[in-house]
Amino acid sequence: MPIRGKTDEKAVFNILLQFRVESGDTTLKEHLATSQKNASYISHRTQNDLIKICNEVIRENIIKDAKKSNFFSVIADESCDISGTEQLSLGIRFVDRKENSENFYIREEFLGFIPLLNMDAEYISKTIITSLISFGLDLSRMVGQAYDGCSTMAGKISGVKPVYDYPNANFFHCKINLVINDLNDVSEVRNTVGTIKEIINFFRDSPLRRKHIPNIPLFCETRWTSKYKSLRIFSKNIILIINALQDLTTTGNANTKQRAFQLYNSCINSTFLVCLFIMAEYSAILEPVTNVLQGVDQNLYSAKKQISILLQMFKNHRETAQTAFENIWEKITKCANDANIEIRAPRIVERQKNRSNVPYTSPETFYRRSIYIPYMDSIITSLEDRFSDENEVSYLLFEFLPENIKKYSQSEFK
């Protein structure tokens with residue numbers, strides 16, 4: 001609940017004070033009734049001071065428990081508050097034991113937000129280190145670091161990785177979702193994703209437009225399964241969407257006609273259809289995998305095995321690109337025929353900087369070389385970078401869990 005409401009009379013803080021008075025706190029009642037207005041100690045500034053004190057007390061208790069644990073991992077991410085200030089969200093993860101008990105459990109605790117004056121990796125690294133030291137943590141006991149995987153936070157070369165000063169702190173990536181975001185390096189895919197978002201928003205913005213097509217979930221960048229589900233449903237209903245956009249170019253108000261015309265022309269573009277069906281093909285593969293990875297019974301080692309299987313499948317498709325793309329091309333041509341669209345490759349010019357300019361003998365050859373192969377290379381490279389074998393030993397520790405040990409024979413375990 002917010003501590004302050006729109007007015008002081010409805011503020012949670014003031015209501016709690018009145019609750020105390022009604023509960024029989026005569027000292028508080030007398031203070032509120034007789035104190036000067038500038039000495040009541042219930043101003044917004046005082047409330048902020050109280051919040052800050054609570055923050056410090058809670059954090060001290062968390063740090064105290066973390067120190068008992070001997071080892072900890074750091075979790076950090078960038079965020080932006082309502083005023084637009086960039087800040088660092090900092091947390092730690094450690095093993096704790098309940099008092100007077102032999103039972104251990106994992107705790108993941110939030111330590112606070114730290115404002116960021118710069119957004120470069122070196123500055124963020126220093127902020128993480130100085131903040132943890134100021135909180136009283138011994139960084140020689142830091143054994144892990146987890147960041148969201150974007151280029152600033154976890155870049156292989158220049159990302160936020162205090163591992164160089166603290167070699168025991170292994171880096172762990174935390175999102176397969178960003179593997180797909182990396183495909184924005186393929187400009188045609190990036191443009192197609194942007195168009196899909198616009199089309200979905202166009203239909204969802206109006207109840208009248210929604211009736212023209214089935215309900216398609218919003219294309220959410222941060223929720224894995226929502227993104228893949230959205231792509232799957234969109235590609236499945238692409239003919240309905242194209243026809244609906246064509247109809248809306250002649251009906252409705254001027255704004256609707258204009259937007260529908262622009263989106264319709266984007267939809268019937270050959271490159272858009274090719275990228276859509278390529279993404280839909282692999283979204284159908286990624287969707288069940290991400291559901292498995294989010295299961296409560298998953299651990300890092302089993303997740304790594306899932307990623308390894310996925311990576312090998314992508315490599316096989318890359319090696320047999322001609323055969324793999326033929327299957328996708330059949331779906332593309334069927335869709336194009338149903339929508340009366342001619343699939344054409346852009347003409348080759350002597351100098352071209354803004355799009356692929358590969359030699360080809362047919363549209364299929366052009367799109368396989370210019371989009372499909374770069375798409376597969378991007379997925380493979382991103383998976384290898386983000387889920388490398390450098391943490392294999394750490395992942396294998398999960399095999400010491402009793403439920404996993406009993407799967408092995410004595411010789412296998414040794």
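The values are calculated or read from the model by the stated rules, or taken from the named source; none is laboratory data. Just so it is clear, the structure is predicted and the values come from calculations on it, not from any experiment. In this analysis, Cβ positions are derived from the backbone assuming ideal geometry, glycine residues included, and neighbour counts consider all displayed protein chains. With ligands, DNA and RNA removed, areas are computed over all heavy atoms of the protein, side chains included. Shrake-Rupley method; radii C 1.70, N 1.55, O 1.52, S 1.80 Å.
For the reader, a short list of remarks on this structure follows.
- The set of residues from the stretch 197-218 being hydrophobic (A, V, I, L, M, F, W, C), open to solvent by 70 Å² or more (accessible area, probe 1.4 Å) and in a helix (DSSP H, G or I) comprises just one member, L208.
- Exactly one residue out of R344, R259 is crowded, with 19+ Cβ neighbours inside 10 Å and either modelled with pLDDT under 90 or of a type in the set (D, E, K, R) (or both), and it is R259.
- Residue in the stretch 29-45 that is open to solvent by 80 Å² or more (accessible area, probe 1.4 Å) and touching a strand residue (DSSP E or B) at 6+ places or on another chain (Cβ under 7 Å) present: no
- When residues of the stretch 392-414 are limited to those that are more than 31 Å from the chain's Cα centre (by Cα) and open to solvent by less than 90 Å² (accessible area, probe 1.4 Å), the one modelled with the highest pLDDT: S409
- Some residue of the stretch 284-296 being free of Cβ contacts under 8 Å to residues at least 60 places away in the same chain and either surrounded by 19 or more Cβ atoms within 10 Å (Cβ to Cβ) or outside any helix (DSSP H, G or I) (or both): yes
- Failed item in (1) surrounded by fewer than 18 Cβ atoms within 10 Å (Cβ to Cβ); (2) hydroxyl-bearing (S, T, Y); (3) touching a Ser or Thr at 6+ places or on another chain (Cβ under 9 Å); (4) closer than 28 Å to Q294 by Cβ, with S226 passing the rest: (3)
- Whenever a residue of the stretch 23-49 is under 17 Å from D8 (Cβ atoms), its partners that are in a helix (DSSP H, G or I) and open to solvent by 50 Å² or more (accessible area, probe 1.4 Å), lying with C-beta atoms within less than 9 angstrom and at least six residues away or across chains, give the pairs L28/R20; L32/Q18; S40/H31; S40/L32; Y41/H31; I42/D8; I42/L32; H44/D8.
- First in the stretch 320-331 and under 16 Å from S370 (Cα atoms), second anywhere and open to solvent by 10 Å² or more (accessible area, probe 1.4 Å), Cβ under 6 Å, 6 or more apart: A321/I373; A324/H317; F325/R368; I328/F277; I328/E281; W329/E364
- Some residue of the stretch 267-282 being over 28 Å from P346 (Cα atoms) and assigned to a helix (DSSP H, G or I): no
- Matching residues, the stretch 17-47, being modelled with pLDDT under 90, under 43 Å from the mean Cα position of the chain (by Cα) and not in a loop (DSSP other than H, G, I, E, B): H44, R45, T46, Q47
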